[in-house]
Amino acid sequence: MVKFLNRESFCALVGMEVNTFKSLRQRGQVPAVWGDDPEREAARGFTDTATFLMMLADELYENLAISRERSAEIAARAFMVFTDRWQEVCDGSAALVDGKKPSAEILYGVVDMAGAEPICVCGAFAQIAAEFVAPSNVVTVNITRLAAKLRRRASDLGIDIEDFWHPERWPGRSSAEWKAKASTGLQTSPFCPKGRPA
């Protein structure tokens, strides 16, 4: 079951002042997670998924110097992270928190190829490099390490988000059929869904 966080807990997990988040939300510079209007979301509460995506947007802005608007757009399309590669992210982030080396580190981001539409990617560095040999631009965040950061913050703050790390919370992820089909290959999807402007 999805738990909702109040704004203070959400911002503490993201690592952002509440007033900064309010300003970003008013300017439309946060990932549009469920298409909710901001007031409804604030009244209902924030999900751990929204927390992770806001951390991703902030990472893109703070460490890669991407505009707030573009960072929010990239993060909002990161739902592919929660499909085939999520178990690896969960396992890898837990290993990092325990001081161990993860078996895989998963990246998420956008690849620009000359003369083509941008592509969202989710996979290991070697997979991205092998698939996109001569990109004009690549922007990625190590989401395994970002997830480890979220785990540590939640533990330090005493905020329970344990359900977030279980694949069973995502519809169908606990079934044997899904596990048999789960891929460790590179995931890709168009950055802009059809019919939506860039």
Review point. In terms of modelled amide H atoms, which long-range or inter-chain residues lie less than 5 Å from the amide H of His166?
Key: none
Check your understanding: Distance in nm between label sites at Leu64 and Asn6, each 7 Å beyond Cα in the beta-carbon direction?
Key -> 3.4 nm
Check your understanding: Label Lys100 and Thr184 with points 7 Å out from Cα along Cα→Cβ: what is the distance between them in nm?
Key -> 1.5 nm
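Extension gain Asp91-Val18, at 0.36 nm per residue separation less the Cα-Cα distance, in nm?
Values: separation 73, 0.36 × 73 = 26.28 nm, distance 3.05 nm.
Length gained between Asp91 and Val18: 23.2 nm.
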Check your understanding: What is the packing order of peptides 124-135, 60-71, 101-112, taking the mean over residues of other C-beta atoms within 10 Å and listing the highest first?
Key -> 101-112, 60-71, 124-135
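I'd like the Kirkwood hydrodynamic radius of region 1-134, using the inverse of the mean 1/r over distinct C-alpha pairs, in Å. Before the final figure, lay out each step's value.
Values: mean 1/r = 0.0619 Å⁻¹.
Computed over Cα pairs of region 1-134, the Kirkwood hydrodynamic radius comes out at 16.1 Å.
Where does the charge balance sit around Arg68 when Lys and Arg score +1, Asp and Glu -1, over other residues with C-beta under 15 Å from its C-beta? Don't jump to the answer; show the numbers that get you there.
Numbers: positive: Lys22, Arg25, Arg27, Arg70; negative: Glu17, Asp58, Glu59, Glu62, Glu69, Glu73.
Around Arg68, the surrounding residues sum to -2.
Quick one: grab the alpha carbon gyration tensor of region 43-91, order the square roots of its eigenvalues as a ≥ b ≥ c, and give me rounded if a/c is under 1.5, else prolate or oblate depending on whether a/b is larger than b/c. Kindly include the intermediate steps, with their values, before the conclusion.
Values: a/c = 2.05, a/b = 1.27, b/c = 1.62.
Here region 43-91 falls in the oblate category.
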Revision key, fill the gap. Per-residue Cβ contact counts at 10 Å, fewest first, order Val18, Val121 as Val18, Val121
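FYI, it's all coordinate maths here, none of it is from the lab. These numbers were taken from a predicted model, which means no experiment stands behind them. Backbone-built Cβ (ideal geometry, glycine too); neighbour counts: all protein chains shown.
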